[in-house]
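The values are calculated or read from the model by the stated rules, or taken from the named source; none is laboratory data. No experiment lies behind these values; they were computed from the predicted model shown. Backbone-built Cβ (ideal geometry, glycine too); neighbour counts: all protein chains shown. Please note that ligands, DNA and RNA were not included when accessible areas were found on the heavy atoms of the full protein model with its side chains. Shrake-Rupley method; radii C 1.70, N 1.55, O 1.52, S 1.80 Å.
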Protein chains: 4
Amino acid sequence: MEAYRHKVQVYETDNMGIVHHSNYIRFMEEARVDFMERNGYGYERMVAEGVASPVVAVSCDYKRPTTFPQEIEIAVKVEEMTALKLKLSYIMTCEGKTVAQAQSTHCFIDGKTNRPVQLAERFPELYQIFEKQLQAKE
Amino acid sequence: MEAYRHKVQVYETDNMGIVHHSNYIRFMEEARVDFMERNGYGYERMVAEGVASPVVAVSCDYKRPTTFPQEIEIAVKVEEMTALKLKLSYIMTCEGKTVAQAQSTHCFIDGKTNRPVQLAERFPELYQIFEKQLQAKE
Amino acid sequence: MEAYRHKVQVYETDNMGIVHHSNYIRFMEEARVDFMERNGYGYERMVAEGVASPVVAVSCDYKRPTTFPQEIEIAVKVEEMTALKLKLSYIMTCEGKTVAQAQSTHCFIDGKTNRPVQLAERFPELYQIFEKQLQAKE
Amino acid sequence: MEAYRHKVQVYETDNMGIVHHSNYIRFMEEARVDFMERNGYGYERMVAEGVASPVVAVSCDYKRPTTFPQEIEIAVKVEEMTALKLKLSYIMTCEGKTVAQAQSTHCFIDGKTNRPVQLAERFPELYQIFEKQLQAKE
């Protein structure tokens, strides 16, 4: 699947002249939203079906700085899936070089009960999308 | 009333080495929240009484740059009040010099009906707070 | 000229479920950067020629809320030009409706001397671009 | 050492009504800056001595949501120190409950050469501060 592209903005840089490290966590979210939309599971559908997926953990290793007005490519992959959790990985590149590697972990919540659910049981179609992506990765 | 103090953070600076201009709009909100709390009308009370005050307009004149790790003092004043709107002004200073002058305009909404209300009629106590501040200014 | 498009992100929304008002000031910058690039005067060229254009003032009138995952179109126009200052205007629309109208004022600085300059004298090509846009507007 | 306190702002919340997860990475920086200042090694001194400490990696586990206008306490500890790297840990609590646990890893750079340095050799006083904190932890 094609990588998501984020164009760096001035307001994302800091006094070192580079993108502030906190913003990569935001770029991950942008890429994740795009990933879900491309897989036919955009925000509106998630809301309509009552599925929410809070971020349980994030981690990011910074390899090289980026700056305005560069463009960062972000490739999202399903890294791991358990009954209750999903782990996504992100490879961020700029001008052909890896600038950051990151991961986010998510659980799934039923919007009606506000409780964690087993994805495979409660939202089987969404589960299959991740399962398919997980296999594609291997 | 004592000025609100905002300590500049690294993530608020940009590649010019100064606070990004968009952040002053956020500092205005911080100072406004603090102003409301000091006047006995904090967020919890506003929610409890069902009053919301969306931002209708903002403007900001930038006089001097600020940077990390400086501290900005923000003095909030009630500038003008009509039946439906409130205008606040903000004088921001740093190390004794004016760095920005700004204004925000707000309307008032009844959380139950989601409609604009006349502040004096619907929330008379809040109206009196602003009225008192307006006189204090003169 | 085609409008710039900003796709709203989750991290740009606030607890009212809508885009936080401070972010529109950032969208203005995005649109301005894009406007400069389309006019053949991107950031690299400005740096190379030693021209900087600090924001002297901003103002924004909020007409309608927007939210994730809507897309905002931003049309930039040269509103006014004096010997020392440039005023740009921004019409932001979403799903065919005006959501915000804004303005930004800029001066021009010579990166070598760090002093304000008369654009027409010091950077005549850039001046002509704005002049042309100003006429196009009328 | 006393915990750093961050007061949540409206612009830090998102459409779920809670603090957006990316902002905790910023709170970590705020607490880190405060930690350095309290240890007599504020930004001005770091700049004067030519030491910079880029963020090499961050990770954050989100335990409970927080929201406006709560206050988050952040306790910073030196977790680990090697010849080239420093790992800090952050315990964030709100109303007595842990809301997030995080870590950041830093290297040290000599501002004159722009190259990674061994902290103990190049900046021995700073090294001793971390060493002392590391022991305090145990």
Could you figure out which of (1) outside any loop (DSSP other than H, G, I, E, B); (2) over 30 Å from C:Gly17 (Cα atoms); (3) open to solvent by 60 Å² or more (accessible area, probe 1.4 Å) isn't true of A:Pro65? (1)
I'd like the full set of residues that are surrounded by 20 or more Cβ atoms within 10 Å (Cβ to Cβ), over 10 Å from the mean Cα position of the chain (by Cα) and small (Gly, Ala, Ser), limited to the range D:95-105. D:Ala100
One residue from A:Ser22, A:Ser53, A:Ser59 being within 12 Å of another protein chain (Cβ to nearest Cβ), among the small types (Gly, Ala, Ser) and without any contact (Cβ under 8 Å) to a residue 40 or more places away in the chain: A:Ser22
If you go through A:Glu30, A:Glu12, A:Glu2, A:Glu37, the only one that is out of contact with any Gly (no Cβ under 9 Å at 6 or more places or on another chain), at pLDDT 95 or above and open to solvent by 40 Å² or more (accessible area, probe 1.4 Å) is A:Glu37
If you take the residues of the range C:106-124 that are touching a residue at least 40 places away in the same chain (Cβ under 8 Å) and of a type outside the set (A, V, I, L, M, F, W, C), which of them is most open to solvent (accessible area, probe 1.4 Å)? C:Lys112
Can you find a residue in the range C:109-123 that is in contact with a Cys (Cβ under 8 Å, 6 or more places away or on another chain) and not acidic (Asp, Glu)? yes
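Of these, A:Lys87, A:Lys77, which one is assigned to a strand (DSSP E or B) and away from chain D (no Cβ under 14 Å)?
Working: A:Lys87 fails: away from chain D (no Cβ under 14 Å).
Answer to the check: A:Lys77.
Residues are listed down the side, and each one gets a yes or a no for (1) within 14 Å of chain B (Cβ to nearest Cβ); (2) not in a helix (DSSP H, G or I):
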{"residue": "C:Asn15", "(1), (2)": "yes, yes"}
{"residue": "C:Met28", "(1), (2)": "yes, no"}
{"residue": "C:Glu44", "(1), (2)": "yes, no"}
{"residue": "C:Ala48", "(1), (2)": "no, no"}
Output the number of the condition that A:Gln128 fails; it satisfies all remaining conditions of (1) exposed (fewer than 15 other Cβ atoms within 10 Å of the Cβ); (2) in contact with a helix residue (DSSP H, G or I) (Cβ under 6 Å, 6 or more places away or on another chain). (2)
Which one of these is in contact with a helix residue (DSSP H, G or I) (Cβ under 8 Å, 6 or more places away or on another chain) and open to solvent by 20 Å² or more (accessible area, probe 1.4 Å): D:Met92, D:Met81? D:Met81
Scanning the range A:49-84 for residues that are in contact with a His (Cβ under 9 Å, 6 or more places away or on another chain) and closer than 14 Å to A:Ala31 by Cβ gives A:Val55, A:Val58, A:Cys60, A:Glu71, A:Ile72, A:Glu73, A:Ile74
